[in-house]
1. Would you mind checking which residues have amide H under 5 Å from GLU132's amide H? H placed 1.01 Å from N; only 5 or more apart, or other chain.
2. Which longest run of the chain has no exposed loop site in it, a site being trypsin sites (Lys or Arg not before Pro) in a DSSP loop with at most 14 other beta carbons within 10 Å, and the site itself not part of the run?
3. Collect residues whose amide H, placed 1.01 Å from N in the peptide plane, falls under 5 Å from the amide H of ARG163; neighbours closer than 5 in sequence don't count.
4. For LEU36, LEU214, what's the largest-to-smallest order of accessible area, 1.4 Å probe?
5. Could you state the principal axis extents of the C-alpha atoms in segment 88-343, from the largest down, to the nearest angstrom?
6. Please give the per residue volume of the convex hull enclosing the alpha carbon atoms of segment 275-388, rounded to a whole number of Å³.
7. Per residue of segment 322-334, in order, report the coupling 6.51 cos²θ - 1.76 cosθ + 1.60 (Karplus, θ = phi - 60°) as ³J(HN,Hα) in whole Hz, putting x for Gly and Pro.
8. I'd like to know how segment 9-65 sits against the 2.2 N^0.38 Å rule of thumb: what's its Cα Rg over that expected value?
Amino acid sequence: MHKDNQPLVFELSREGRVGHSVPVLDVPEVDLASILPAQFIREEAAELPELAELDIMRHYTALSRRNHGVDSGFYPLGSCTMKYNPKMNETAARMPGFANIHPLQDEETVQGALELMYDLQEHLIEITGMDEVTLQPAAGAHGEWTALMMIRAFHEANGDTQRTKVLVPDSAHGTNPASAAVAGFDTVTIATAENGLVDLEDLRSKVGDDTAALMLTNPNTLGLFEEDILEIADIVHSVGGKVYYDGANLNAVMSKARPGDMGFDCVHLNLHKTFTGPHGGGGPGSGPVGVKADLIPFLPKPVLVKTEEGTFHFDYDRPQTIGRVKPYYGNFGINVRAYTYIRTMGPDGLKAVTENAVINANYMMRRLQPFYELPYDRHCKHEFVLSGSRQKKLGVRTLDIAKRLLDFGYHPPTTYFPLNVEEGLMIEPTETEAKETLDAFCDAMIQIAKEAEENPEIVQEAPHTTVIKRLDETLAARKPVLRYEKA
Ligand SMILES: *Cc1c(COP(=O)(O)O)cnc(C)c1O
């Protein structure tokens, strides 16, 4: 028996109990050995739990109640944009005309789906200020890598093979240096200045004719807008490098500012963040990439084109393409959800999203500022980063604060990130939360700050109310339990 009295599914099992009823066999039974090679036939039956359908439903429903998701509670996980995903998206994605088509179907039979993809590309072109978009990449990191491969192909086409370096600020999301490395580049770290923005002097000293690109998020991972962005782009362009926009967190600027107008040459978007694809359980995602004109020849193939007759088809005749980056044409279901979201929100709706995301973050930042260290005290965009350094002096770590929040029913913020903030707590409320929710979370954070002063043990030993107490942070990843062993 588990310590919280919820039996394992194997413990609920009763020999011979079944969860199905099928008609009695009215054809001769087939001997497996006559149709399968011997090495594929089990000697003993697999050890599977035997339960009735109702038992299974109750078991999984009970387990699901212990999950934390956006639909069950506030989830201010910085940089992840855990906003509410409208259920209308699900209705659209489940329409048989979308859900039941096959990616190998003839183009003529899926014109509606292709039109949706084409229209979505057009919307993303408009939103990003780019000249062309591909929907192939399966998620953000995949989009980063796709864009870097295009930048590489671009430089190689110009005979610029000495461009081996990609510049990445020290506050960048971890996927940025990782994508650069996988695309075959060496990464060079750019320092953050005292005000939390890119250190221009450091950038100037590191660009040169070996620079392939600069990868930048704007607002950066501290939630701060890089106000020198035009100058930054000029510095990189002046030496022949490309400027890449990590648009995973477009929620901060969508419909207000466009990467294409800030000097960026290419961008990836996370449709599963900003454009309400459900995420957090491991996918699927969608990470479209937008590019300016001079990178278009290198787009992954096939490229979706609209003919003069108004029909849609895939163009494979792309001599300079980096090739296909995904089987089929992208994670279509997530693209349907993003399209539904864009169309139901409309331009004014998307603008309101950005405004409310930014107002919510600034409201919380100012409410919490008296109780936690705010390393960069300036207006933030969609998120902000606090430091638990004051609490650390009292023996309470940021990890403890995160665990204590579980007792209040909240998913904790992102912790210890970005790396240039000591004991970082990165909070992203998103626009879909009401003021009451923001206030209740701030009240909990303020109470925890007081507990750290008056009764630190309660924070250090948290969580107290969850089914499972403190877990070993790395054991589950290093030693996953693969098999149930009977006691
Ligand atoms: C989430 C995120 C990514 C990576 O996106 P995935 O879809 O998880 O690969 C990259 N950059 C930033 C800034 C992000 O927030």
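The values are calculated or read from the model by the stated rules, or taken from the named source; none is laboratory data. This one's a predicted model, so the numbers in the text were calculated from it and none came from an experiment. We place every Cβ from the backbone using ideal geometry, glycine too, and count neighbours over all the protein chains shown. In case anyone asks, the SASA skips ligands and DNA or RNA and just uses the protein heavy atoms, side chains included. Shrake-Rupley method; radii C 1.70, N 1.55, O 1.52, S 1.80 Å.
1. For GLU132, the qualifying residues are VAL291.
2. 95-255
3. HN-HN under 5 Å from ARG163: empty list.
4. Sorted by accessible area, descending: LEU36, LEU214.
5. Computed over segment 88-343, the largest-to-smallest principal extents equal 55, 38, 30 Å.
6. Dividing the Cα hull volume of segment 275-388 by its residues yields 195 Å³.
7. Calculated HN-Hα couplings, in order: 7, x, 7, 10, 7, x, 6, 10, x, 7, 4, x, 5 Hz.
8. Against the compact-globule rule of thumb, the ratio is 1.55.
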